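Inspection log for the structure reproduced underneath, given as structure tokens.
The values are calculated or read from the model by the stated rules, or taken from the named source; none is laboratory data. Being a predicted model, the structure only gives us computed values, none of them experimental. Cβ placement follows ideal geometry from the backbone for every residue including glycine, while neighbour counts extend to all protein chains displayed. Areas reflect the complete protein model, heavy atoms only, side chains present, ligands, DNA and RNA absent. Shrake-Rupley method; radii C 1.70, N 1.55, O 1.52, S 1.80 Å.
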Amino acid sequence: MHAGKIQSAKIHDSKGPLLDTFYNGAGHLTKQLLAKKELGLDKDFAVTSEHLGHQALLNVNDCGGFTAYYADKIIDDNLSNANAKDAHAFFARYQKLA
């Protein structure tokens, strides 16, 4: 954010670099968001993809768990503080509630 306007966005995805290699995910999302004129995005707005390395692609269970974990870090802390050890503690804490 800068002066109340969204400047850029990041996708955190278990597919990591494959997101853009095979799916053009960041480019596709950028195009969709720029088409929404009501968002008031500048023409240089862009979405990038980022893979923090904590989650796996093919184990079938990390995507949802890490989505919840990353959301929790963004809301209560800072995503730059995310790490695998903290993520597993988060899973253990909330798995008991499921």
query: Identify, please: which residue in the stretch 6-22 is modelled with pLDDT under 80 and either open to solvent by 80 Å² or more (accessible area, probe 1.4 Å) or touching a Pro at 6+ places or on another chain (Cβ under 7 Å) (or both) and is, among those, nearest to A71 (Cα to Cα)?
result: P17
- prompt: Within the stretch 23-61, restricting attention to residues that are among the hydrophobic types (A, V, I, L, M, F, W, C) and at pLDDT below 75, which residue is surrounded by the most Cβ atoms within 10 Å (Cβ to Cβ)?
  reply: L52
task: Might you check whether a residue that is modelled with pLDDT of 85 or more, loosely packed, with under 12 Cβ neighbours inside 10 Å, among the aliphatic types (A, V, I, L, M) and closer than 19 Å to K10 by Cβ occurs anywhere in the stretch 63-74?
output: no
